[in-house]
Amino acid sequence: MTLGLLNPTCTSRKVQAAIDHLALSAESNSRGAVFTRREVVDFVLDLAGYTEDQPLHEKRLLEPSFGGGDFLFPVIERLLNVWRRARPNGAALDELGNAIRAVELHHDTFRSTHAAVVALLKREGIAANAATALASLWLSQGDFLLTPLEGEFDFVAGNPPYVRQELIPALLLTEYRSRYQTMYDRADIYIPFIERSLSVLSDGGTLGFICADRWMKNRYGGPLRSLVAERFHLKIYVDMVDTPAFHSDVSAYPAITVISREAPGTTRIAHRPAIDRATLTTLADLLCAQTLPKEIGQVRELAKVTNGAEPWLLESSDQTALIRRLESCFPLLEDVGCKVGIGVATGADKEFIGDFDALDVEPERKVPLVTTKDIMSGEVKWRGQGVINPFADLGGLVDLDEYPRLRRYLEARREVIGARHCAQKAPANWYRTIDRITPALAQRPKLLIPDIKGEAHIVFEDGRLYPHHNLYYVTSEDWDLRALQALLLSAVTRLFIATYSTKMRGGFLRFQAQYLRRIRIPRWADVPEPLRRELAEAAIKRDVQTCNRAVFKLYSLTHEERSALGGDGE
């Protein structure tokens with residue numbers, strides 16, 4: 001397994017043009033700029049070991065995306081303080097020129113921060129010429145993923161950019177994929193930033209990043225998780241969900257990870273600290289202590305957090321042990337006759353969806369639709385919506401000549417429908433919905449599950465409605481759906497989702513298909529008849545504690561395992 005390139009080759013003119021386009025962008029969100037609070041920056045540097053009790057002037061630090069200098073200025077201040085004590089009569093340019101390397105893509109940001117660094121150095125008593133020369137040695141303008149770097153680094157620290165693939169020019173994305181093995185699936189740009197940063201660490205070197213936590217559990221983070229598991233030590237993880245770590249709000253709050261190039265070991269974990277200097281300083285001391293005091297509850301130590309490409313389990317040790325036991329004893333949800341899916345995406349809901357009775361098309365060309373608004377109460381209360389179905393039962397699209405009302409309806413909306421990406425890609429199929437509609441699904445009883453919820457919201461639908469794309473659904477050939485509803489409403493399911501899903505602002509969880517498919521359940525044939533009835537009755541009552549009691553029996557949970565889930569159902 002390779003680790004990315006230390007000295008990428010020269011880029012083509014077209015790739016360079018794509019880089020320049022991003023570098024000149026005036027919009028901060030197009031280049032992933034998010035600004036970190038000073039007390040959080042100091043916390044990350046402390047955790048990474050870039051502290052003033054170390055000979056920082058003899059070390060090298062890399063900042064991959066320095067932006068306005070959130071990390072850079074504190075790094076310089078620490079470096080100068082250490083250097084002055086150790087070398088009161090030293091020459092800054094000669095002795096510190098190799099101490100920092102920092103890269104920034106955006107031209108205007110680079111120029112303003114370069115000037116601010118020069119000004120800082122001059123305020124610190126360094127001569128103007130030396131200050132300018134030192135800043136020019138430290139700072140470079142370019143694409144971190146393609147910029148040549150010399151040598152290795154003792155520290156890498158920062159807040160890598162958050163840029164979705166859709167915002168990256170296609171040529172540049174292809175170039176990244178050719179260089180970085182971790183650019184997998186829908187990976188955000190911070191993924192190869194982490195890969196390259198790890199690749200330039202010296203033996204014993206440490207990376208300290210604050211960035212989105214999605215890669216620790218999502219599909220696209222698999223190759224990077226595998227890389228960390230094989231070559232590095234995940235030393236520290238701090239969950240920053242619902243903390244004001246940045247100067248602006250972000251919908252999926254981040255985590256701080258400290259990863260070192262050394263043999264794997266235990267991981268120290270903390271969750272959601274208060275963002276004030278005293279709290280973070282105390283917490284940093286605890287997380288970095290030689291021995292963790294047993295009476296301290298805010299920091300935990302877990303072994304074997306990394307496990308190949310598997311998602312990282314970062315919950316409490318007793319909850320992790322329960323998950324591992326259930327995974328070893330029971331099959332996956334989809335291995336016991338259940339199927340998880342997601343409802344239909346149209347690409348133009350206003351055109352394809354409307355009042356079912358008012359949709360002026362042939363009756364067989366529309367299907368009654370259920371949305372999240374229909375199930376808010378915990379039961380289905382259909383508001384009368386329907387979706388146009390342009391698909392033939394045997395496959396492919398229907399011939400519009402055979403459906404004059406459908407043709408008239410679609411042609412009246414062709415400007416919007418035809419402008420969608422899927423229509424532009426295949427003009428002859430301009431009137432298809434993004435997802436195929438299979439009317440038989442509407443006629444199947446199913447459980448409906450909204451994506452983002454604080455708790456499980458599992459609603460039984462008896463087989464009349466087709467799910468919208470903001471709903472996941474579960475059907476089953478074997479399991480009684482009411483009994484399955486009780487299981488999915490239980491604390492056991494919440495533990496699976498909380499363990500494997502990314503958390504959103506406010507502590508909300510993602511009840512997505514990829515996480516639902518990780519749930520382990522017994523085979524229906526192995527569930528005793530009295531327990532089948534107990535599960536179904538609990539679901540009909542929509543009483544979570546009653547569901548828990550039945551589900552805890554189903555899994556034969558011990559007293560300790562029930563306690564790990566909060567004790568509900570005792």
Original post:
Expressed in nm to one decimal, what extension gain is obtained for the pair A392 and K350 from 0.36 nm per residue of sequence separation less their Cα-Cα distance?
Top reply: 12.9 nm
**OP:** Leaving ligands, DNA and RNA out of it, rank E63, E175, E150 by accessible area with a 1.4 Å probe, largest first.
**Re:** E150, E175, E63
Subject >> Extension gain, H559 back to E150 (0.36 nm per residue minus Cα-Cα distance, nm) >> reply: 141.6 nm
Original post:
Which FRET efficiency value, to the nearest 0.05, is calculated for Q443 and D318 with the Förster distance at 60 angstrom and r the Cβ-Cβ distance?
Top reply: 0.85
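Please state the relative contact order of the chain as a whole percent: Cα pairs under 8 Å, 6+ residues apart?
Values: 1067 pairs, mean separation 67.9, N = 570.
Contact order relative to length: 12 percent.
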**OP:** Can you give me the three principal axis dimensions of region 93-248 from its C-alpha atoms, in Å, biggest first?
**Re:** 51, 35, 35
Original post:
So, how do all the Cα-to-Cα distances of region 439-570 break down into 10 Å bins, in percent, from 0 on up?
Top reply: 13, 42, 36, 8, 0
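How large, in percent, is the carbon and sulfur part of the accessible surface of the chain at a probe radius of 1.4 Å?
Here carbon and sulfur together make up 50 percent of the probe-accessible area.
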Subject >> Relative contact order (percent, whole number), region 247-388, Cα cutoff 8 Å, 6+ residue spacing >> reply: 16 percent
Original post:
If R60, R549 are ordered by their accessible area, calculated over protein heavy atoms with a 1.4 Å probe, which sequence runs from highest to lowest?
Top reply: R549, R60
Subject >> Efficiency of FRET from Cβ geometry, R277 and D94, R₀ 30 Å, rounded to 0.05 >> reply: 0.30
Original post:
Given 0.36 nm per residue, what is the gain on full extension from D203 to D435 after removing their alpha carbon distance, in nm?
Top reply: 78.6 nm
Original post:
If you take the beta carbon distance between N81 and A128 as r and set R0 to 25 Å, what does 1/(1 + (r/R0)^6) give as a FRET efficiency, to the nearest 0.05?
Top reply: 0.75
Original post:
Going by alpha carbons, how many degrees (0 to 90, nearest 10) lie between the helix axis of 38-48 and the longest principal axis of the chain?
Top reply: 80 degrees
**OP:** Would you kindly find the accessible area of D154, with a 1.4 Å probe and non-protein molecules such as ligands, DNA and RNA excluded, rounding to the nearest 10 Å²?
**Re:** 40 Å²
Original post:
Of K217/K339; K217/K446; K366/K553; K373/K553; K339/K373, which pairs sit farther than 32 Å apart, going by alpha carbon to alpha carbon?
Top reply: K366/K553; K373/K553
Original post:
Taking Rh as the Kirkwood radius computed over C-alpha pairs, what is the Stokes-Einstein D of region 73-124 at 4 °C in a medium of viscosity 1.567 mPa s, expressed in µm² per second?
Top reply: 107 µm²/s
Subject >> Cα-based helix-to-principal-axis angle, 128-138 vs the chain, degrees rounded to 10 >> reply: 40 degrees
Subject >> Distance (nanometres) between label positions extended 7 Å along Cα→Cβ at A525 and A289 >> reply: 5.4 nm
**OP:** Provide the solvent-accessible area of K553, counting protein heavy atoms only and rolling a 1.4 Å probe, rounded to the nearest 10 Å².
**Re:** 110 Å²
**OP:** Could you do me a favour and compute the accessible area per residue for the chain, 1.4 Å probe, result in Å²?
**Re:** 43 Å²
Original post:
Mind checking the angle between helix 277-288 and the chain's longest principal axis? C-alpha axes, 0 to 90 degrees, to the nearest 10.
Top reply: 90 degrees
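The values are calculated or read from the model by the stated rules, or taken from the named source; none is laboratory data. Since the structure is predicted, the reported quantities are computational estimates derived from the model, not experimental observations. Don't worry about glycine lacking a Cβ; one is built from the backbone with ideal geometry, like all the others, and counts go over all protein chains shown. With ligands, DNA and RNA removed, areas are computed over all heavy atoms of the protein, side chains included. Shrake-Rupley method; radii C 1.70, N 1.55, O 1.52, S 1.80 Å.
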